[in-house]
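Novice: Questions regarding the structure given below will be posed in turn.
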Amino acid sequence: MSAPQPRPEVFSVASYVGGESVLPGFEKPIKLSSNEGAFGPPPSALAALAATGKKLHRYPDGSSARLRAAIGEKFGLDPAKIVCGNGSDELLTLLIQAYGGPGTELIMSVHGFSIYEIAGKLAGCTILKAAERNLTTDVDAMLALVTPQTKMLFLANPNNPTGTLLPQSEMLRLRAGLREDILLVIDAAYSEYVDREDYDPGTALVDAGENTVMTRTFSKIFGLGGARLGWAYAPAPIVDVLNRMRAPFNVSVTAAAAGIAALGEPGWLEAGREHNTRARTRLEARLAQVGLKTHPSEANFILVDFGSPERAAAADMFLRSRGLIVRNVKSYGLPSCLRVTIGTDDECNLAAEALNAFVHG
Ligand SMILES: *Cc1c(COP(=O)(O)O)cnc(C)c1O
């Protein structure tokens, strides 16, 4: 036993496995496995990247001031309450490292996003998972898990991989039912896709107190997953904590430039949301026609229920044989389901045709 040994928490998790991107035999498989946005990066982001090359010898502005100002302007938020990160994953992880730790409990939903569990276990937290109702977060089940050791509660709204949304009235009830010293983290990675009047991504709850944080990402509707860029909107004391903990230059020059440009791309958000709602509704209808059950989604993906793990696996194989990669969600405890990202119209058509052929073949 002379080899260096890490802390025992390290071996309590498996490495995160993302959506696959390679399919042997297909040069350009259709990748509907990681919810990356249907249209690629905004053209203005590509132009900004090209212009940034000449400045790559310079360190970034560690405070991401210009990027925070651009985010604040776009979404009507105070830049002083924004912290940018190397993907929102970084910020979620830092929050857990800051407020969690051995002896603390972190509450999430049984089909909540896996990063909360991975980062929580690595930090030494005990993870408590609340049952859901119709694959939707159940506020009462979450509140019932709270103990004196509970320090944090993580919730994606809409949730990945289920796609379901918790109404604002339920979000308010959740916050009101939690002790004031419990940090509520609202992961709004898919907020830009939500097409509902009464939706609030989390800003109201952040502004209402000192114990709620909202995280956002450039990886989905903005099409910049490869750049690694996310942000948190948080009360001042939590902003201070995140700024102490983050790496000094956690947002690269290229990510910041692409992000600022993407925010300024005219009509990008609206076009992305409109396409998504239309294409998702159409795909849902076509799957219903062939008798496949889908769960109501407010995000840029659909969770398709095949009724059994065997049939889901067979559908996955069939889609692969046609060059389509979707996401199996076995690790989320949903072995009978596949998660299909909303791509372009052509990609959605291919997915619908393939699933039609699967059902009838
Ligand atoms: C995709 C996703 C994110 C984004 O993570 P990044 O690190 O910003 O790419 C965060 N939360 C959920 C629930 C997601 O699905």
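Novice: Looking only at residues that are out of contact with any strand residue (DSSP E or B) (no Cβ under 9 Å at 6 or more places or on another chain) and surrounded by 18 or more Cβ atoms within 10 Å (Cβ to Cβ) in the stretch 251-264, which one is farthest from ARG196 (Cα to Cα)?
Specialist: VAL253
Novice: Related question: So, in the stretch 150-209, how many residues would count as being touching a residue at least 40 places away in the same chain (Cβ under 8 Å) and closer than 15 Å to LEU95 by Cβ?
Specialist: Final tally of qualifying residues: 13.
Novice: Please specify each residue of the stretch 322-361 satisfying the condition of being of a type in the set (D, E, K, R) and either buried (at least 16 other Cβ atoms within 10 Å of the Cβ) or farther than 23 Å from PHE222 by Cα (or both). Give the derivation first.
Specialist: Here is the first cut: in the stretch 322-361, the ones of a type in the set (D, E, K, R) are 322, 327, 330, 339, 345-347, 353.
ARG322, ARG327, LYS330, ARG339, GLU347, GLU353 - these are the residues of the stretch 322-361 that are of a type in the set (D, E, K, R) and either buried (at least 16 other Cβ atoms within 10 Å of the Cβ) or farther than 23 Å from PHE222 by Cα (or both).
Novice: Looking only at residues in the stretch 215-229 that are over 13 Å from GLU192 (Cβ atoms) and more than 8 Å from the ligand (Cβ to nearest atom), which one is most open to solvent (accessible area, probe 1.4 Å)?
Specialist: For the stretch 215-229, the residue satisfying everything is GLY226.
Novice: Can you tell me which residues in the stretch 194-214 are open to solvent by 10 Å² or more (accessible area, probe 1.4 Å) and touching a helix residue (DSSP H, G or I) at 6+ places or on another chain (Cβ under 7 Å)?
Specialist: Hits for the stretch 194-214 are ASP195, ASP198, TYR199, ASP200, PRO201, LEU205, GLU210.
Novice: Looking for whichever is among the hydroxyl-bearing types (Ser, Thr, Tyr), closer than 25 Å to GLU192 by Cβ and at pLDDT below 90 here; the options are SER63, SER44, SER21. Which one fits?
Specialist: Criteria check complete, one pass: SER21.
Novice: Taking the condition of being touching a helix residue (DSSP H, G or I) at 6+ places or on another chain (Cβ under 6 Å) and open to solvent by 10 Å² or more (accessible area, probe 1.4 Å), how many residues in the stretch 85-99 meet it?
Specialist: Adding up the residues that qualify gives 4.
Novice: Determine if the stretch 100-115 includes at least one residue that is surrounded by fewer than 18 Cβ atoms within 10 Å (Cβ to Cβ), closer than 24 Å to ASN328 by Cβ and within 15 Å of the ligand (Cβ to nearest atom). So that I can check it myself, show each step before the final result.
Specialist: At the first step, the residues of the stretch 100-115 found to be surrounded by fewer than 18 Cβ atoms within 10 Å (Cβ to Cβ) are 101-104, 110.
Next cut, closer than 24 Å to ASN328 by Cβ only: 110.
This time we only want the ones that are within 15 Å of the ligand (Cβ to nearest atom), so: 110.
The answer is yes, given that some residue of the stretch 100-115 is surrounded by fewer than 18 Cβ atoms within 10 Å (Cβ to Cβ), closer than 24 Å to ASN328 by Cβ and within 15 Å of the ligand (Cβ to nearest atom).
The values are calculated or read from the model by the stated rules, or taken from the named source; none is laboratory data. Because the structure is predicted, anything quoted here is derived from the model rather than measured. All Cβ positions, even for glycine, are placed from backbone atoms using ideal geometry, and neighbour counts span all protein chains on display. Note: areas computed on protein heavy atoms with side chains; ligands, DNA, RNA excluded. Shrake-Rupley method; radii C 1.70, N 1.55, O 1.52, S 1.80 Å.
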